[in-house]
Amino acid sequence: MSIFHQRDHFEIGEEASCSKTISDADIRAFATISGDENPIHLDEAYAQGTPFGGRIAHGMLVASLISAVLGNQLPGPGAIYLSQTLRFLMPVRPGDTVTAKVRVTEWDNLKGRVTLLTEVLDSQANVIITGEAKLVMSAFLGAK
């Protein structure tokens with residue numbers, strides 16, 4: 001028996017968020033874990049010569065904060081990703097604080113499927129990543 005309570009109802013418009021300051025250590029750890037060692041993320045001298053004018057965080061590192069909100073808060077434990085779209089609008093630099101926000105846009109209570117608007121915002125509330133996530137609550141898997 002699971003120690004986590006799995007939700008079985010969501011309201012359109014429900015929201016949740018989490019914030020994080022992206023550190024150099026986060027970027028280096030993500031490069032090691034993912035194998036993405038592009039110098040735009042790791043080498044300041046190289047990155048200075050790019051259109052970004054300096055190092056930027058991996059887009060997928062920043063986008064992974066969306067997964068933290070989905071798995072821990074909304075929809076929360078028992079939620080299984082079905083799909084995620086992402087559109088990267090602005091870079092994130094080491095030391096930037098970002099906020100991942102999700103909002104319920106659809107809920108199918110018969111199939112246990114929830115659709116959410118997903119966004120990551122910078123400290124000035126500019127949208128830097130936008131997309132849509134579709135998840136199913138695991139208690140509904142196998143249900144007719």
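The values are calculated or read from the model by the stated rules, or taken from the named source; none is laboratory data. Values in this document were obtained by computation on a predicted structure and should not be read as measured data. Neighbour counts are summed over all protein chains in view; Cβ atoms, including those assigned to glycine, are modelled from backbone coordinates with ideal geometry.
Before we move on, is residue 91 on the phi < 0 side of the Ramachandran plot, surrounded by 15 or more Cβ atoms within 10 Å (Cβ to Cβ) and in contact (Cβ under 8 Å) with a residue 40 or more places away in the chain? Criteria not met by residue 91.
Looking only at residues of the range 11-49 that are within 19 Å of the chain's Cα centre (by Cα) and among the acidic types (Asp, Glu), we find that the one that is farthest from residue 114 (Cα to Cα) is 24.
Results for (1) in contact with a strand residue (DSSP E or B) (Cβ under 6 Å, 6 or more places away or on another chain); (2) of a type in the set (Phe, Trp, Tyr); (3) farther than 30 Å from residue 27 by Cα, shown as yes or no for each residue.
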| site | (1), (2), (3) |
| --- | --- |
| 83 | yes, no, no |
| 95 | no, no, no |
| 134 | yes, no, no |
| 140 | no, yes, yes |
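Please verify whether residue 112 is modelled with pLDDT under 95 and touching a helix residue (DSSP H, G or I) at 6+ places or on another chain (Cβ under 8 Å), treating the condition exactly as stated. Yes: the conditions hold for residue 112.
When residue 132 is tested against (1) closer than 19 Å to residue 18 by Cα; (2) among the charged types (D, E, K, R); (3) touching a helix residue (DSSP H, G or I) at 6+ places or on another chain (Cβ under 8 Å), exactly one condition is not met: (3). Quick one: is residue 92 closer than 30 Å to residue 104 by Cβ, part of a loop (DSSP other than H, G, I, E, B) and aliphatic (A, V, I, L, M)? Yes.
Here's the yes/no breakdown for (1) under 26 Å from residue 134 (Cα atoms); (2) part of a strand (DSSP E or B):
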position: 27; (1), (2): no, no
position: 41; (1), (2): no, no
position: 54; (1), (2): no, no
position: 62; (1), (2): yes, no
position: 74; (1), (2): yes, no
position: 81; (1), (2): yes, yes
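Residue 9 meets all of the listed conditions (1) in contact (Cβ under 8 Å) with a residue 24 or more places away in the chain; (2) surrounded by 13 or more Cβ atoms within 10 Å (Cβ to Cβ) but one, namely (2).
Of all residues in the range 116-139, those satisfying the criterion of being within 14 Å of residue 10 (Cα to Cα) and crowded, with 19+ Cβ neighbours inside 10 Å are 116, 135, 136, 137.
Residues being surrounded by fewer than 18 Cβ atoms within 10 Å (Cβ to Cβ) and β-branched (Val, Ile, Thr): count how many of those fall in the range 53-84. Residues flagged as surrounded by fewer than 18 Cβ atoms within 10 Å (Cβ to Cβ) and β-branched (Val, Ile, Thr) within the range 53-84 amount to 1. Against the numbered list (1) closer than 27 Å to residue 25 by Cβ; (2) among the β-branched types (Val, Ile, Thr); (3) buried (at least 17 other Cβ atoms within 10 Å of the Cβ), residue 50 comes up short only at (3).
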